[in-house]
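Here is the structure we will look at.
The values are calculated or read from the model by the stated rules, or taken from the named source; none is laboratory data. The shown structure was predicted, so the numbers you read here are calculated from the model rather than taken from an experiment. FYI the Cβ positions are ideal-geometry reconstructions off the backbone, even for glycines, and counts take in every protein chain you see. Areas reflect the complete protein model, heavy atoms only, side chains present, ligands, DNA and RNA absent. Shrake-Rupley method; radii C 1.70, N 1.55, O 1.52, S 1.80 Å.
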Amino acid sequence: MVIGDWTEYVRQILNHAGHGYEYYCPIEIPEKKRDRLDQIDRKILAKYPMCEWDKDRRYRAKKAGMANFVYIRWNLSGILMHTPGKLVEIEDPDRFFSLRERPYVFQVGSWVSIKIGPARKGKKFTAYLTKQSYRSIKALLRENIEKRRFDEFRKYYERLEDLPAFSGIVAQAHELYRFCRGELSRVKAKKEARDLKRLSLACWKRR
């Protein structure tokens, strides 16, 4: 399954994880192999033909206690996922990890990387900004506030509204709002602190 948008890539991973595909193998394709993506996809599917089983065969496999597999790719990031169950013997098998024990991480752009793992509450799994990405964004906002570059601060702050509203990211966005209010008050930028609006979460659809 090839996805054209990273938000949909995350949504597909979360959807499958919520249906029991809790084990994964990360696949990072080097930039120099970009022109061979179709060939790489075919090679992976040839190694794991179970990824292309239809609904009926997946149902029979589940009833027989076998694991079901799925392959998802966005850009140069891919992931193989499987459910609990007996594994088909594969030559030179790849290493799989549990999403519960080792969250899946992938890079989106120069300042955003995403972590998919257990939710703090409610849903089984959700998406977050990675700790490094979150701290980098926080530091950038703080620097612009401290140097009183408020136009620059607002530009970066408002860019956060482009992030999708997965519950983990929503919680982080609320934390960043409170942090920025506190920093603006600390440097006595009372007007900016008063005028700062929460990120437009109301128009987002939670995922």
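The Cα-based radius of gyration and maximum Cα-Cα distance (Dmax) for the chain are 20.5, 66 Å. Computed over segment 19-136, the Cα gyration tensor eigenvalues convert (square root of 5λ each) into semi-axes of 26, 21, 11 Å, ordered from largest to smallest. Heavy-atom accessible surface of the chain, averaged per residue, reaches 60 Å², computed with a 1.4 Å probe.
Amide H contacts of Thr130 (H built 1.01 Å from N, in plane; Pro and chain starts excluded): Ser113, Ile114, Lys115 sit under 5 Å, all sequence-distant by 5 or more or on other chains. In this rough spin-label picture, where each label sits 7 Å from Cα along the Cβ direction, the Ser185-Arg57 distance is 6.1 nm.
For a 19 Å ceiling on Cα separation, which of these pairs sit above it: Lys131/Lys191; Lys147/Lys188; Lys43/Lys63; Lys47/Lys86; Lys131/Lys190; Lys147/Lys190? From the list (Lys131/Lys191; Lys147/Lys188; Lys43/Lys63; Lys47/Lys86; Lys131/Lys190; Lys147/Lys190), the Cα-Cα distance tops 19 Å for Lys131/Lys191; Lys43/Lys63; Lys131/Lys190.
Exposed loop GluC sites (Glu not before Pro) only (DSSP loop, at most 15 other Cβ atoms within 10 Å): please give the longest stretch of the chain free of them, not including the sites.
102-207
Within the chain, DSSP assigns beta bridges of which about 90% are antiparallel (rounded to the nearest 5).
Principal-axis analysis of the Cα atoms of the chain puts helix 37-47 at an angle of about 50° to the longest axis. Computed from the C-beta positions of Arg194 and Ser136, the FRET efficiency with R₀ = 30 Å rounds to 0.65. Considering only alpha-carbon pairs that sit under 8 angstrom and 6 or more positions apart, the relative contact order computed for segment 61-207 is 15 percent. With all protein chains in place and a 1.4 Å probe, the accessible surface of the chain carries 48 percent carbon and sulfur. Charges were assigned to the Cβ only: +1 to each Lys and Arg, -1 to each Asp and Glu. The resulting dipole of the chain about its Cα centre is roughly 1080 debye.
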